[in-house]
Structure formats: C-alpha cells, structure tokens
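First comes the structure, then the notes that go with it.
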Amino acid sequence: MNKLVCVLSPVLCAAVFGQSAQHLTNLKQLTHGGENAEAYWAPDGKRLIFQSTRDGHECDQIYVMNADGSDVHMVSTGKGVTTCGYFLSDNKHILYASTHEAGASCPAKPDRSKGYFWAVHPGYDIYLSEDNGKIVKKLTDTPGYDAEATINWKNKQIIYTSLAGGDLDIWTMKEDGLGKKQLTKTEGYDGGPVLSRDGTKMAWRAYHPDTPAKVAEYRDLLKQNLTAPMKMELWVANSDGSNAKQITNYGCASFAPTFTPDGKKLLFSSNKHHCDSNDFELYTINLDGSGLEQVTTYGGFNAFPEFSPNGKKLVFISSYQGKTPYEFNVFTADWK
C-alpha cells in the first residue's frame, strides 16, 4: 500500500498498518540482510552508529554510516565481539564495548538448550575511539562486564551497566572515564540505561528476583556470565538514581527504553502481547506507567528505537520484510 492510498483512505490504511501509520511515515530500510542492531544517531543527525555481523566476521562489530544508509564502514577493531556504540557530544568521537583485549576470537555463545540466555562477557570493557576507529582510551578496566553505554550530550555523562560492584548495576562516568558512580544497588540485573535529553531523568530495564529460589537462580547464572532476559520491567528515576519507580508490570520482556524529545514519555520495545515469544513491538508510556500506546504493528522483532536530535525522525531495528528468520535491519521513519 502506498502513500496515496493512505491519503485517500486513512481508514483502510490504518486497518492494514495499524498504529504504525499513525506515528511513523516515510519508512526507509537502510541495511539489507544479516544481523544489524542498536543504531543510534550522531549529534548532528547526519550519521548513525550500529553493530552488525557482516563482512565475514562471526560476531558483531561496530559500524558507522550516513543517515541515508550510504558509506557503511567498520570502526571497531574486528576482533572479539562488540556492542552498544554511541557518538560523543563532539560528533568526532565514539564509544563502544568490546572484548578484543580478552581475545581476538568471538566468545563462545550461550548454551540455550535449557532456555534463552544473554551472555554478560567478563571481557567486555568500554573504549573511547575517534570516529575513524582509532582507540583513544579504555574507559573501564575492572574485572567483569562493562557495557550498554549511552551518553547524555547536554551534561556529557555516560550511563552504563557494570559488574564492578559485584552485581549488574547502573553506573555513570564522565566522557573521559573519570567520576564513576554507582546508581542502582538492588540485587538483580539493571541494564540498558538511558538519560533524558535534559539530563534530569534516567530509565532502564531490570530483573529483580523476588523469591529465594529466583535469587539463587540469578546468582547461579551470573557465576556463568549469563542472565535471562525474558522477564524484564522498565524503571525510571532521577538521574542520580533517587526516586526509582517501576512503571511496567507485564511479566514479559520490556526493554530498550528511550525518552521522547519532550521527556514526558518513554518509547520502548516489548512482547507484552505475546509473552515468551520473539514478537516485539514498539510502545509509548507515560513516566508514571499510565497511557500505554502501541506504536508499531509490523510483527516479528522491533526494538532499539531512538529519536533523531531534532526529534523529527526515529531509527529502530526491525525484522520487517526480512528474508530469513534472523534478519534484522536498520530502519528510519518520520515521527508524527
């Protein structure tokens, strides 16, 4: 169905595309084939950084491309596995997590014969690099997992997940790696953090085991450098970690929150309509947990949304129109 049909028959268009047609227009697919994930904007809105398994590599490396999908090139070392690339406020530097110092090969993937698990590789550290790939500084250097970093360009604060305190908690540090501070301390996984544009609020995904049996299971997995991601809820707090509140309670996997440009809502991914499935759609929700609204109806996997610096576009990852079961591509769309 093309744009003309949507103009002439908005009712028919909504019936086919559902909520997606109400919020997203001018959908563009920027990558074609393979596993692409976590695409985030540069401060000037002209480029995107993302992770991808391609070019003969067996696990994810970090790439940069223009916002129209052109000039795709690798900016990580090509060794180990990487995750969570992000531009710094100067538009000239990037950061990402990598295991390349722990080993040149891809780390072993989790054994999922007994369930779906994420690896929290102890070799992950966060590196500061020029946008051409030259590493400038290692920002974390403690034993265990350090990854999942994003940056608030206004206050130049990095927020990330670390095992430095003995559990998977949210930390902050400056762009040069100094001033590290732990923000969460509840036992369980706290990860995927993001700050609001004005730097006053933070949001993240969490799993806090609430029975002795669940605590024991969580600790056992953590000893194996694993976590189970299919029961995650969203939390919000002040940017110093105070006044933390859980805002979802779906018993499903809700993750990848990002603040709307005005800071009044979160846009996130969840399988709340199909718990324990791999069907994820995008939703918005107020910061008090009210006003849930479904944004996409593409089916399959839709996640890792982020608004462009001017707030007019959205980038996200989707399996929409993928030709293989594990094909995830980078898409942009106009937000209305």
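The values are calculated or read from the model by the stated rules, or taken from the named source; none is laboratory data. On a predicted model such as this, the values are computed, not experimentally measured, just so you know. Cβ sites come from the backbone with ideal geometry, for glycine too, and all protein chains shown count toward neighbours.
Figures for the structure shown
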read-out: Matching residues in segment 273-286 - criterion: being surrounded by fewer than 18 Cβ atoms within 10 Å (Cβ to Cβ) and more than 18 Å from Tyr326 (Cα to Cα); value: His273, His274, Cys275, Asn286
read-out: Condition check for Met202: touching a residue at least 60 places away in the same chain (Cβ under 8 Å) and either over 18 Å from Ile158 (Cα atoms) or aliphatic (A, V, I, L, M) (or both); value: no
read-out: Candidates Thr296, Thr324 - the one that is surrounded by 14 or more Cβ atoms within 10 Å (Cβ to Cβ) and either free of Cβ contacts under 8 Å to residues at least 60 places away in the same chain or in a loop (DSSP other than H, G, I, E, B) (or both); value: Thr296
read-out: Test: Tyr116 is in contact (Cβ under 8 Å) with a residue 40 or more places away in the chain and crowded, with 23+ Cβ neighbours inside 10 Å; value: no
read-out: Residue list for segment 327-336, filter: touching a Ser or Thr at 6+ places or on another chain (Cβ under 7 Å) and surrounded by 15 or more Cβ atoms within 10 Å (Cβ to Cβ); value: Glu327, Phe328, Asn329, Val330, Phe331, Ala333
read-out: Only listed residue being closer than 23 Å to Gly199 by Cβ and either of a type in the set (S, T, N, Q) or at pLDDT below 95 (or both), chosen from Asn302, Asn271, Asn310; value: Asn310
read-out: Unique residue being touching a residue at least 40 places away in the same chain (Cβ under 8 Å) and among the polar types (S, T, N, Q) when the list is Ser89, Ser52, Ser70, Ser98; value: Ser89
read-out: Scope segment 158-183; condition over 18 Å from Trp235 (Cβ atoms) and not in a loop (DSSP other than H, G, I, E, B); matching residues; value: Ile158, Met173, Lys174
read-out: Single residue of segment 307-321 satisfying the filter (buried (at least 22 other Cβ atoms within 10 Å of the Cβ) and touching a residue at least 60 places away in the same chain (Cβ under 8 Å)) that is farthest from Ala39 (Cα to Cα); value: Leu314
